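Working notes, structure below.
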Amino acid sequence: MKIVVLLLLAMLSHTALSATAMVIAHRAPMFKYQKMDSVVYQYISRGEKIFINNKHIDRTFLTNYRADNSIGKELVIESKYYTTSDRIGRTAYILKRHVKIIYNDTRELDSPVSLGDKDDTDYRIKSKLPKDYPFIHKKNRYSTLMLATETTSKNSYPYPNQINKDSIGDRYKLAAIAAWKADFDKLDRFYFGTKGHISFSQNKYFFINGTMANEANLILGIGPYASYDFYKSENIILRLGGGITLNFHRAKISQDSDDGFRDRQYYDSLFFAPEVTLDFVKREIFEKIDLLVGSSIRVNQPYTLKTKMKKYEKEIWSSNQDQIEHPLGINIDFGIGLSYKF
């Protein structure tokens, strides 16, 4: 019985000599000494209540009586710490900015209930955690494969026979990208790499003499590539890209002669083409795989397709201009693809 009475008296005396405060920091430390580098006795989470020694506050702070403006104010102002005690009764010190004194009156409006963005104890990462957190990515890179349809040029060989009608086919393109995150980029937006593409199209020409010609065009291109994700959310990326490619264009022309034989010629050339792309990326349709829908604009420099092959049916080929001229032109494509980031 005596022990119970002593415990009650100790608790009452402790309460009488202390004020109640609420922790407003995410994880406030209780220090052994009034130093930031001293031993930490205990950590208190936001919302928990502790007792503050009354030497810091006027003893009448809980009363409604106000003799003057000093009543209820802090008495010890030279220190950045409040004196308190940890869970096993040891004297400890807590930073004043980490707690809020509970006055139960309008004085509580003078201090915030949370430190917000100024909370130096809040170690939590604001954005979504990566799946492999806390491991650090040594490299960030992605590869993309896209299938697209592209506008087709109507530039054709200057046939000596008069064309009765033509059939211009669609041009299909397969593009691939391999890119790495820039070392200076801390926001995971800039990537540099290489882009390659292959495209194919076929055009047919029918002459008034009843014969026909078939032009099959194959274009291979490769060059440096860069991209910037100018908008990013948890589910969507808007990506602007661009680069310049060195392209090899080969055209195979097959013509029927009057006697039923067919003559073939190959014409080729190299040319440069800068390109700008805009992609809409739907993130993680499958694990580590994104869906892309995009478009690109490529500006082709003027170039000429030539051949050194021997002609067996000379009358069906041009004797004055045995080449295909491609002036400055623009190609636009629309495509869909998949991207794998690793």
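The values are calculated or read from the model by the stated rules, or taken from the named source; none is laboratory data. Fair warning: this is a prediction, and the values are worked out from it, not measured in the lab. Every residue, glycine as well, gets a Cβ built from its backbone with ideal geometry; the counts of neighbours run over all protein chains shown. The accessibility values were calculated without ligands, DNA or RNA, using every heavy atom of the protein model including side chains. Shrake-Rupley method; radii C 1.70, N 1.55, O 1.52, S 1.80 Å.
Would you mind checking the radius of gyration and Dmax of the stretch 121-248 based on alpha-carbon positions, in Å?
23.0, 87
Carbon and sulfur together cover what percent of the accessible area of the stretch 198-342 at a 1.4 Å probe radius?
Numbers: 4860 of 7840 Å².
Accessible surface attributable to carbon and sulfur in the stretch 198-342 totals 62 percent.
After finding the eigenvalues of the alpha carbon gyration tensor for the stretch 137-202, what semi-axes result from the square roots of 5 times each, listed largest first in whole Å?
On the way: eigenvalues 358, 22, 14 Å².
Equivalent ellipsoid semi-axes, largest first: 42, 10, 8 Å.
Going by average Cβ density within 10 Å per residue, which order do the peptides 84-92, 276-284 take, highest to lowest? Write down the numbers at each step before the final one.
Working: 84-92: 14.9, 276-284: 16.9.
Averaged packing, sorted descending, gives the order 276-284, 84-92.
About its Cα centre, what dipole magnitude does the stretch 177-280 give when the only charges are +1 on Lys and Arg Cβ and -1 on Asp and Glu Cβ, stated in debye to the nearest 20?
Here the size comes out at about 220 debye.
If the chain between residue 336 and residue 269 were fully stretched, how many nm would it gain, using 0.36 nm times the residue separation less the Cα-Cα distance? Mind dumping the intermediate values first?
Values: separation 67, 0.36 × 67 = 24.12 nm, distance 2.87 nm.
Going from the current span to full extension adds 21.3 nm.
List the pair-distance distribution P(r) of the stretch 181-234, using every Cα-Cα distance, as the percent of pairs falling in each 5 Å bin from 0 up to the bin containing the longest distance, rounded to whole percents.
Reading the bins upward from 0: 5, 13, 14, 10, 11, 9, 9, 7, 7, 6, 5, 4, 2, 0.
Hey, with R₀ at 56 Å, roughly what FRET efficiency would residue 318 and residue 140 work out to, going by the Cβ-Cβ distance, to 0.05?
0.55
Over the residues of the stretch 221-341, compute the C-alpha Rg and express it relative to 2.2 N^0.38 Å. Don't skip to the end; give the middle numbers.
On the way: Rg = 20.9 Å, N = 121, 2.2 N^0.38 = 13.6 Å.
For the stretch 221-341, the normalised Cα radius of gyration comes out at 1.54.
Starting with the highest mean, order 310-317, 268-275 by the number of other Cβ atoms within 10 Å, averaged over the residues of each peptide.
Details: 310-317: 13.8, 268-275: 16.0.
By packing density, highest mean first, the sequence is 268-275, 310-317.
Give, in nm to one decimal, the length gained when the segment between residue 48 and residue 284 is fully stretched (0.36 nm per residue of separation minus the Cα-Cα distance). Don't skip to the answer; put the middle values down first.
Working: separation 236, 0.36 × 236 = 84.96 nm, distance 4.01 nm.
Taking residue 48 through residue 284 to full extension adds about 81.0 nm, to one decimal.
Based on the mean of other beta carbon atoms within 10 Å per residue, what is the order of 202-215, 320-333, most packed first? Could you put the intermediate results ahead of the total?
On the way: 202-215: 16.9, 320-333: 14.2.
For the peptides 202-215, 320-333, the packing ranking is 202-215, 320-333.
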